[in-house]
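**Student:** Handing you this structure, nothing more for now.
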Amino acid sequence: MSALFSQNPLMNGPNYSFSDTPVSHPNEAHGELREHRFNPYTDNGGSTLAIAGADFAIVAGDTRLTSGYSIHTRYSPKVFKIGGTTADQKDATIVLSVVGFAADGTALRERLDAACKMYRYRHGKPMSVNAAAKRLSTMLYQKRFFPYYVYAILAGLDEEGKGAVYSYDPVGSYEREMCRAGGAAASLIMPFLDNQVNFKNQHIPGSGEGHAIQEREKKPLLREQVEILVKDAFDGAVERHIEVGDGLQMMVITSQGVEEHYLPLKKD
Amino acid sequence: MVGKDCVAIACDLRLGLQALTVSNNFPKIFQYGDVLLGLTGLATDVATVSDLFRYKVNMYRLREERNIAPSTFANLVSSSLYERRFGPYFVSPVVAGLDQKTGKPFICGFDSIGCIDFAKDFIVSGTATEQLFGMCESLWEPDMVRLDLDFRTLFPPGIFFYMMILLKNGQLNHDVECSTIMHIICTSDLNFTNASYQSTFATGFDEFFANNLNLLDDLQCPEDLFETISQALLNAVDRDALSGWGAHVYIIEKDKVTKRLLKGRQD
Amino acid sequence: MDHRPQNWGRPRDDIYGGYDVSYMAPNAEPNTHTQSPVVTGTSVVALKYKDGVIMAADNLASYGSLARFPSVQRLMPFADTSVLGFSGDVSDMQYISRHLTSLSIDEAYGVQDPLNAANLHRYLSKLLYSRRSKFDPLWNNILIAGFDSDDKPFLASADLLGTTYSSPSLASGYGSMLAQPIMRKYASTEEDAAKLTKEQAIKIVKECMKVLFYRDARSLDKYSLAVVTRKSGEEGGGGVQITQEKLEGMSWKFADRIKGYGTQTV
């Protein structure tokens, strides 16, 4: 994740495919002296994905937890229900996914959940997804100089009942989008989503020559279509990224509440 | 990328110096007879290596009095790169071609010192490898055929209904087919909710697949390969700041090589 | 007139002398925290089974490559309901152990149920995470075994960064590379682990300890083995049982049959 676009052979020596395979001491690999200092972060791998529909939103994440080449566990969820009235979150309407450093992810999730519960206590109503989105941004920015090393995605239904997906960088910069992939395999999944959700590079055949050609009309996908896309995206990511696999956790947010599904992924 | 009885190879056109775009017309694919070579990496080495192989392939043709086969060329690339083991050319080549005798598709990739990666499906290389892996892994499938025919004129509409059931049960997992069929269903004004269709056209669907084999010959395999490789490349380079500015796509069939120029995003 | 604004409104240097900047730094030296472990323990392995959890760790505390303290127990019972297994820094282990002992005594005065393993794991992960956030980590990887609030077998890990995870089998240090594959062969899922008997689970864990002793240079042939079972009403029934084990009959006879690497030529 550290070097999303460092595939340039000039920047890190001759290479053919992944240049940022995990190394135990990155500096040593380049023959530099290593300063012995406690590193408060680690990358626990994994990938997440969220897609907004007309009246639903889907958030998915794999369940593998890694560190370097080790698989710590095959089931460690990174998609969570947020802001329910009880500990089991069965009446929650907002979903948060966190990927990156798992301990920071847990801390952030608990803080946001506590903030949502405090909001409910003070205002006597559940927090809207756009309010929670803003609150999450503030939380991340509060730790601007010792950041939560996580790529967060928040999803729910907005005040009009439409699917809403908010994506964040580790220091709280955020944006509402139709879809977003995060984590280790984000660069593998994101172009696929551009193509299949936002219909990028798709045109109407025979609609014109050159610049006159018309783009395919953008409209939100059906839930069945989105579920297939999510599975296909993860099957692709599992095949080509060692930190992604084991299981796929999927949360579907509708006006009826949040459904949770689990599907097995390849465990190799 | 491999298709049914055809292969394709594509490249973007950007030449950059880190973030600075130097040229927007720098093709990275070179044709030697019916073998094609793609080269990414350091531009001077791309030029040197492409000329080196032009020379080597021509010498081969003069000595052997025949064209070089893709697999032979792959070994030539590998040994030539390994000659420079401790001072390598900074390139990651990709080779694509059809075997002259068997007509079987052949593709492979290399690292900068000549380690060959034979693949049955696709090879990617360059600054957008991650994005390309993601795209290819999700769009590619074996023996791609184009199914943009209007099924409504060919088959009873209930077939789509039945296919949807299979799709839901996970019995049908053909991305292109599914999305095409789903699209037709979503855009058609026919009412598929009538359950009586289900039994009536269950047999129709089986017949469809029984008859499908000869239908396959009429379908446009190279066209679908072209669409797949183009979509894979364009969407991948759009998510890479160091690639883009249009593309060249070559489709290699038994008796012809088609080259197409794609415009793509110019930013 | 001094035209430099940063000097305005200050006592004059020519009368009071320049500002002594050393007042700004209260300590002559910066604070020092644990930057690396000193006396360390190696792997801990643990495996869930039908009605509990088995955990094992050898009794060695190393000082670098020196086998410094050969009889340090790295498994700690907690309130006779749970077991903790420590790898990493031994002084930090002793600090946590002391802290938890006093915690368990405090808790025992209370009216609530005693803390179970899940509670303890949550508590320790918060402790470890808050210490890492102060850049003053407790240099340990701790495995916690016992039962959760639903009285199901519980096994989880918390490390010096505050990362937490649970699995049917867990191992820290070299154990994650050498022992985990063995344990996953027998119990890759919770369902598989729930089929194991106590005897089977002990046998698997002992096998792991043997492999670790053979291949981990910082290990010892004397180890502690803990069995955590549900507490029953009668005296001595269930709870935490820790026994001392010794690996017997070590043999490297198999070594000359290993071929394909090293300096062998045949």
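**Student:** Round to the nearest 0.05 the FRET efficiency obtained for A:Asp55 and A:Asp91 when R0 = 22 Å and r is the Cβ-Cβ distance.
**Tutor:** About 0.70, to the nearest 0.05.
**Student:** Each label point is 7 Å from the Cα along the Cα-to-Cβ direction; what then is the distance between the points at B:Arg63 and C:Arg10, in nm?
**Tutor:** With each label placed 7 Å out from Cα toward Cβ, I get 8.0 nm.
**Student:** Quantify how strongly other chains surround peptide A:193-199 by giving the mean number of their Cβ atoms within 10 Å of each of its Cβ atoms.
**Tutor:** Per-residue shielding by partner chains comes out at 4.
**Student:** Let me ask something else about it. Order by neighbour count: A:Val99, A:Val165, fewest other Cβ atoms within 10 Å first, most last.
**Tutor:** If I rank by nearby Cβ atoms, fewest first, I get A:Val165, A:Val99.
**Student:** Anything over 20 Å Cα to Cα? Flag those among B:Lys4/B:Lys101; C:Lys48/C:Lys231; B:Lys56/B:Lys259; B:Lys4/B:Lys254, in the order listed.
**Tutor:** B:Lys56/B:Lys259, as the Cα separations exceed 20 Å there.
**Student:** Of C:Leu220, C:Leu120, how do they rank once you tally other Cβ atoms within 10 Å and put the fewest first?
**Tutor:** C:Leu220, C:Leu120
**Student:** With a cut-off of 18 Å, note down the residues of segment B:1-41 whose backbone N falls inside the zone around a label point 7 Å from the Cα of B:Gln100 toward its beta carbon.
**Tutor:** Flagged as within label range: B:7, B:31-37.
**Student:** Test of understanding: what is the full-extension gain from C:Val38 to C:Glu191, defined as 0.36 nm times their sequence separation minus their Cα-Cα distance?
**Tutor:** 51.1 nm
**Student:** Another question, then. Please give every one of the aspartates and glutamates within straight-line cross-link reach of B:Lys104, meaning a C-alpha to C-alpha distance under 19 Å, and leave out same-chain neighbours fewer than 8 residues apart.
**Tutor:** B:Asp5, B:Asp34, B:Asp117, B:Asp121, B:Glu141, B:Asp143, B:Asp217, B:Glu223, B:Asp224, B:Glu253, B:Asp255
**Student:** Between A:Lys134 and C:Glu207, how high is the FRET efficiency from 1/(1 + (r/R0)^6) when r is the Cβ-Cβ distance and R₀ = 51 Å? Nearest 0.05.
**Tutor:** Here the calculated transfer efficiency is 0.40.
**Student:** Provide C:Phe86, A:Phe80 in ascending order of the number of other Cβ atoms located within 10 Å of each residue's Cβ, fewest first.
**Tutor:** Arranged by neighbour count, lowest to highest, C:Phe86, A:Phe80 become A:Phe80, C:Phe86.
**Student:** Rounded, prolate or oblate: which fits chain A when a ≥ b ≥ c are the square roots of the eigenvalues of the alpha-carbon gyration tensor, with rounded for a/c under 1.5 and prolate only if a/b beats b/c?
**Tutor:** Oblate shape, in that a/c is at least 1.5 and b/c is the bigger or equal ratio.
**Student:** Round to a whole angstrom and tell me the spacing of the C-alpha centers of segment B:47-108 and segment A:121-139.
**Tutor:** 61
**Student:** As a quick test, which of the pairs A:Lys266/C:Lys50; A:Lys81/C:Lys185; A:Lys200/B:Lys120; A:Lys78/C:Lys50; A:Lys162/A:Lys231; A:Lys78/C:Lys210 have an alpha carbon distance above 31 angstrom in this structure?
**Tutor:** Beyond 31 Å between Cα atoms: A:Lys81/C:Lys185; A:Lys78/C:Lys210.
**Student:** Would you work out if segment C:173-253 is rounded, prolate or oblate? Take a ≥ b ≥ c from the square roots of the eigenvalues of the alpha-carbon gyration tensor; rounded if a/c is under 1.5, else prolate when a/b is larger than b/c, oblate otherwise.
**Tutor:** oblate
**Student:** What is the distance, in nm, between label points placed 7 Å from the Cα along the Cα-to-Cβ direction at B:Lys120 and at B:Arg85?
**Tutor:** Roughly 3.2 nm, to one decimal.
Computed from the coordinates by the stated procedures, all read-outs in this text should not be read as laboratory data. Since we're looking at a predicted model, the values are computed, not measured. FYI the Cβ positions are ideal-geometry reconstructions off the backbone, even for glycines, and counts take in every protein chain you see.
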